Amino acid sequence: MERQATRIDWIGGSCRLLNATATEFRETQPFEGLTIGTGIHLEPKTVALLMTLKAGGARLVCTGNLNSTQPATVDFLRAEGLTVFATQTTDAEAHHQSLEAVIAEKPDLLLDNGGDLFAIAAERPYPELLGGTEETTSGRTRLMPLRDKLSMPILVINDSPIKQFAENRHAVGQSLFESYMRFTNRSTNGKRVTVFGYGACGKGTAACFRNAYSQVSVVDIDPVTLLEAHLDGFLTPLWEQAISSADVLVTVTGHPDIVTAKDLPLLKDGVILMNGGHFPTEIDVAAFRNHPDVAGRSVYAVDGIETLHLKDGRAIHILGGGHMANLAGPRPLGNSVESMDLGFTLQARCLERIARRGAGADACVVPVPADIDAAVASAYLDLAR
Ligand SMILES: NC(=O)c1ccc[n+]([C@@H]2O[C@H](COP(=O)([O-])OP(=O)(O)OC[C@H]3O[C@@H](n4cnc5c(N)ncnc54)[C@H](O)[C@@H]3O)[C@@H](O)[C@H]2O)c1
C-alpha cells in the first residue's frame with residue numbers, strides 16, 4: 001500500500017530523541033492540566049516538539065516568529081487540536097497581535113524564541129505563569145535586563161553547550177551556507193565571503209564557506225574573538241576592506257545596524273547581502289531601499305531575492321528581505337533535524353523541570369541545568385551507537 005507522506009511526516013520520523021521523549025511523556029504526563037504558550041518558528045521541526053508536549057498532557061496555544069510561519073504547519077497543528085494564532089507576516093504589528101492573543105490565554109508555561117512573550121509578561125504579569133524557556137541568543141540578551149520584573153524560572157536553551165555546538169556552530173553554518181546556494185544557485189568557489197560576528201553561529205558559517213572553497217574574512221567587534229578568527233586561519237581585514245572586498249556579506253551578530261546605508265559607497269557591484277541573526281535589523285534593508293542613490297529595484301518575489309540598481313551602475317542583491325535567510329525564501333528548511341531534535345529535547349526536558357516545580361525564581365534567565373544536558377547527550381549517543 002502506498003500513501004502520500006508529507007514533510008511533517010518526514011521530519012517527525014527523523015526526530016528520534018523527541019519521539020522517545022513523547023513515548024515517556026505519554027506515561028508520565030508532566031504537563032497534565034497545564035497550558036503552554038509558544039512563540040517559536042512554526043515549521044515542521046517545531047511540530048515534533050509541540051506534539052511531544054501534547055503527548056505530555058499540555059494544552060498548547062501557539063504563535064510563531066516574524067516571517068517564518070509556514071501555512072502547512074499551522075494547518076497541521078490546528079487539525080491536531082492546538083490553538084494557533086499566527087499568519088506568515090513580516091508586519092511587526094500583526095505579529096504582536098498574535099503574541100498578545102497567546103498571552104491572553106494566560107499560559108502556565110511559556111516557550112519563547114526572541115523574548116517576545118516574556119517581554120509582554122514582564123509588563124503585564126499574571127499569577128498563573130510558572131516560568132518557561134527561551135530558545136535563542138537574542139532572547140537571552142533581551143530578557144536579562146527584565147530579570148527583576150520576571151522573577152520566575154526561565155531556562156535559556158541557547159546557553160546549553162549542546163545548543164551552542166550542535167545548533168549554533170554546526171547547524172546554523174550548514175544551513176546558512178545551504179540557504180545561499182538555495183536562494184541564488186550560485187557557486188561558492190573562489191568567492192570572497194565576509195562574515196560579521198564570530199560567535200557560535202559565525203564560526204560555523206565561516207567554516208562552511210571555507211570548506212566550500214570560498215575566501216572567508218571575519219569581522220567582530222571583540223578583538224579577542226577576532227584574534228581567534230585570525231588563528232583559525234581566516235582573514236581579519238579592517239571594516240572598509242572587509243566590506244569592499246566581499247562578493248557575499250553574511251551578518252550573524254545578534255545586533256542591529258551591522259551593514260547600513262553608510263556602507264553603500266563601499267559595496268562591490270553584484271554583492272549579495274544575507275542575514276542569519278534572529279532579528280531582521282542587522283542589515284538596514286529599508287535604508288538601502290530608500291537611499292537616494294538607488295535608481296530602481298527588481299524583486300524576484302518567488303525566489304526571495306531583490307536587486308537594488310544604483311545610479312552609478314552597480315547592483316546589490318538582498319536575500320530574504322534581510323530576515324534569517326535559513327528560514328526565508330523558497331523551501332526554507334532551517335537548521336538540520338538532528339540539531340533541532342537535540343535542542344528541542346532540551347526544551348521539553350526544561351519545561352518538564354519547571355512544570356514539576358524543579359526550578360525556582362533564582363533560575364531566572366539561566367542556562368539549562370547540567371544534569372539535563374548530560375541526560376540528553378547520553379540519550380543521543382545511545383541512539384547513535
Ligand atoms: N539563523 C538561525 O537559525 C539561528 C540559530 C541560532 C541563533 N541565531 C541568531 O544568530 C545571532 C548570533 O548568535 P550567536 O549565538 O552566534 O551569538 P554570539 O553572541 O555567540 O556571537 C555574536 C558575535 O557577534 C559579535 N558582534 C557583536 N556586535 C558586533 C558588531 N557590531 N560588529 C561585528 N561583530 C559584532 C560579538 O562580539 C560576538 O562574537 C543571534 O541573533 C542568534 O539569536 C540564529
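The values are calculated or read from the model by the stated rules, or taken from the named source; none is laboratory data. Just so you know, these numbers come straight off a predicted model, no measurement behind them. Counting neighbours? That spans all protein chains shown, and the Cβs are built from the backbone with ideal geometry, glycine included.
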>> I'd like to verify a number: residues in the stretch 302-315 that are surrounded by fewer than 21 Cβ atoms within 10 Å (Cβ to Cβ), among the hydrophobic types (A, V, I, L, M, F, W, C) and at pLDDT 95 or above, how many?
In response: 3
> Which residue pairs have Cβ atoms closer than 8 Å, lie 6 or more positions apart in sequence or on different chains, and pair a first residue in the stretch 190-213 that is over 24 Å from Pro256 (Cα atoms) and assigned to a helix (DSSP H, G or I) with a second residue that is of a type in the set (A, V, I, L, M) and more than 11 Å from the ligand (Cβ to nearest atom)?
Replying inline: Arg210/Val216
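Scan the stretch 297-328 for residues that are outside any strand (DSSP E or B) and polar (S, T, N, Q) and jot them down. Outline the logic, then answer.
The initial filter retains those residues of the stretch 297-328 that are outside any strand (DSSP E or B), namely 301-304, 311-314, 320-323, 325-328.
Matches in the stretch 297-328: Asn326 only.
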>> Can you find a residue that is among the small types (Gly, Ala, Ser), without any contact (Cβ under 8 Å) to a residue 60 or more places away in the chain, more than 14 Å from the ligand (Cβ to nearest atom) and surrounded by fewer than 23 Cβ atoms within 10 Å (Cβ to Cβ) anywhere in the stretch 138-153?
In response: no
>> Tell me the residue from Gly57, Gly33, Gly37 that is in contact (Cβ under 8 Å) with a residue 24 or more places away in the chain, small (Gly, Ala, Ser) and not in a loop (DSSP other than H, G, I, E, B), please.
In response: Gly37
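May I ask you to say which residue of Leu310, Leu226 is in contact (Cβ under 8 Å) with a residue 12 or more places away in the chain, within 10 Å of the ligand (Cβ to nearest atom) and aliphatic (A, V, I, L, M)? Before you say what the answer is, go through the steps one by one.
Working: Leu310 fails: within 10 Å of the ligand (Cβ to nearest atom).
Criteria check complete, one pass: Leu226.
Would you confirm whether any residue within the stretch 112-125 is among the small types (Gly, Ala, Ser) and in a strand (DSSP E or B)? Please lay out each step first, then the result.
Step one: of the stretch 112-125, the residues among the small types (Gly, Ala, Ser) are 114-115, 119, 121-122.
Those still in the list that are in a strand (DSSP E or B) too: none.
For the stretch 112-125, residues among the small types (Gly, Ala, Ser) and in a strand (DSSP E or B): absent.
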> Which condition does Pro127 not pass, out of (1) at pLDDT 95 or above; (2) surrounded by 15 or more Cβ atoms within 10 Å (Cβ to Cβ); (3) closer than 19 Å to Leu351 by Cα, if it passes all the others?
Replying inline: (2)
